[in-house]
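To keep things clear, I will list the structure first and then write my remarks on it.
Every number here is computed from the coordinates shown, using simple stated rules; none is lab data. These figures come from a predicted structure and were not determined experimentally. Heads up, the Cβs are rebuilt from the backbone with ideal geometry, glycines too, and the neighbour counts pull from every protein chain shown.
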Amino acid sequence: MEIKHEEHIDRGIFRAFIGGKEAGMIIYINDDDDTVIIYHTEINHEYGGRGVGKALIGAIADFAREKGVYVVPLCHFANYVFRKTPAYKDLLVPNEWESKFKG
């Protein structure tokens, strides 16, 4: 699987390719200097169940870490993966209410 990234001033897209064919994509916007918002993930039906979505999430997680930004996963799939994967928890925008009630 090959993942390509196109970045523009205020948005970007990661595309996954298998055998030269587009297998899926994840689209995000740059909300501000410290946040990217994932608003759409799409996997072509013939590539479902092959880990394309998780690979795309991994690519945007790596991107966010490199840029030092948080992720707001509005897309249902991205939200599910980010919240269930402990390795991605540090990328989620801290919830101010959680921090107020800890310790």
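Which residues' amide hydrogens lie under 5 Å from the amide hydrogen of Thr35, considering only partners 5 or more residues apart or on another chain, with H built in the peptide plane?
HN-HN under 5 Å from Thr35: Tyr70.
Please give the Cα centre distance for the range 1-34 versus the range 70-92, rounded to the nearest Å.
16
Read phi for every residue in the range 49-57 and hand back ³J(HN,Hα) as whole Hz from Karplus 6.51 cos²θ - 1.76 cosθ + 1.60, θ = phi - 60°, with x for Gly and Pro.
Each residue's phi maps through the Karplus curve to give x, 9, x, 5, x, 5, 5, 5, 4 Hz.
Can you tell me the dipole magnitude for the range 2-101 around its Cα centre, using point charges on the Cβ only (Lys, Arg +1; Asp, Glu -1), in Debye to the nearest 20?
That gives the range 2-101 a dipole magnitude of about 480 debye.
Starting from the 7 Å offset along Cα-to-Cβ, what nm value, one decimal, do you get for the label separation of Leu92 and His45?
Modelled inter-label distance: 3.2 nm.
Once you have the Kirkwood Rh of the range 2-101 from its Cα pairs, apply Stokes-Einstein at 37 °C and 0.692 mPa s and quote D in µm²/s.
Numbers: Rh = 13.9 Å.
Once the numbers are plugged in, D ends up at 237 µm²/s.
Longer than 22 Å from Cα to Cα, which of Lys4/Lys84; Lys4/Lys54; Lys67/Lys89; Lys4/Lys89; Lys21/Lys67 are they? Say none if no pair is. Walk me through the intermediate numbers first.
Details: Lys4/Lys84 25 Å; Lys4/Lys54 15 Å; Lys67/Lys89 16 Å; Lys4/Lys89 24 Å; Lys21/Lys67 28 Å.
Over 22 Å apart, Cα to Cα: Lys4/Lys84; Lys4/Lys89; Lys21/Lys67.
Trypsin sites (Lys or Arg not before Pro) within the chain: which are DSSP loop residues with at most 13 other Cβ atoms inside 10 Å?
Working: sites: Lys4, Arg11, Arg15, Lys21, Arg50, Lys54, Arg65, Lys67, Arg83, Lys84, Lys89, Lys100, Lys102; in loops: Arg50, Lys102.
Here the sparse-neighbourhood loop sites are Lys102.
What is the set of long-range amide H partners of Arg11 at a cut-off below 5 Å, with H atoms built 1.01 Å from backbone N?
Those lying under 5 Å, H to H, from Arg11 are Asn30.
Spin-label point model (7 Å from Cα, Cβ direction): what's the Lys54 to Phe17 distance in nm?
Rounded to a tenth, the inter-label distance reads 2.4 nm.
Determine the calculated [θ] at 222 nm for the chain from helices alone, applying -39500 (n - 2.57) to every DSSP H run no shorter than 4 residues and normalising by the residue count; nearest 500 deg cm²/dmol. Please report the intermediate quantities before stating the final value.
Values: 3 runs with 31 residues, N = 103.
Taken over the chain, the calculation gives -9000 deg cm²/dmol.
Give a residue-ordered list of calculated ³J(HN,Hα) values for the range 63-71 (Karplus: 6.51 cos²θ - 1.76 cosθ + 1.60, θ = phi - 60°; whole Hz; x for Gly, Pro).
4, 5, 5, 4, 7, x, 10, 8, 10
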